[in-house]
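A short write-up of the structure that comes next.
Laboratory data are not the source of any read-out in this text; all were calculated from the coordinates shown. Since we're looking at a predicted model, the values are computed, not measured. A quick note on method: Cβ atoms are made from the backbone with ideal geometry, for glycine too, and the neighbour counts reach across all protein chains shown.
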Amino acid sequence: MQVPVSKDLKEKAEKASSRQGFSSLQESVRVFLTELSQGNLKISFEPAVRLTPKAESRYGKQLKDFESGRNIESASSVEDLVSKLNEN
């Protein structure tokens, strides 16, 4: 099988294939075709969500706080939760 693609597309696909853990672009195409032929493939195209460096830093700090138990509140009931939310 020969599929004409631009050099740029091929290079980007090779890098993406490598990041996904494939040894080569050909291997990723073989896996794709195998899954497609067996009816095991659901294809959907969704944009990848990428955080800004500022957001990554912010969420990273929040995750560290959560893991260490800092800046964490708990509530014993819905009323308790609403009360704590209204305090601020």
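Looking for something in contact with a Lys or Arg (Cβ under 8 Å, 6 or more places away or on another chain) and of a type outside the set (Val, Ile, Thr) - is there at least one such residue anywhere in segment 27-41?
no
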Any hit, segment 33-44, residues being exposed (fewer than 10 other Cβ atoms within 10 Å of the Cβ), over 24 Å from Gln2 (Cα atoms) and of a type in the set (A, V, I, L, M): no
Here, helices (runs of 4 or more DSSP H) confined to segment 1-72 with at least 2 residues that are basic (Lys, Arg) are 7-19, 53-68
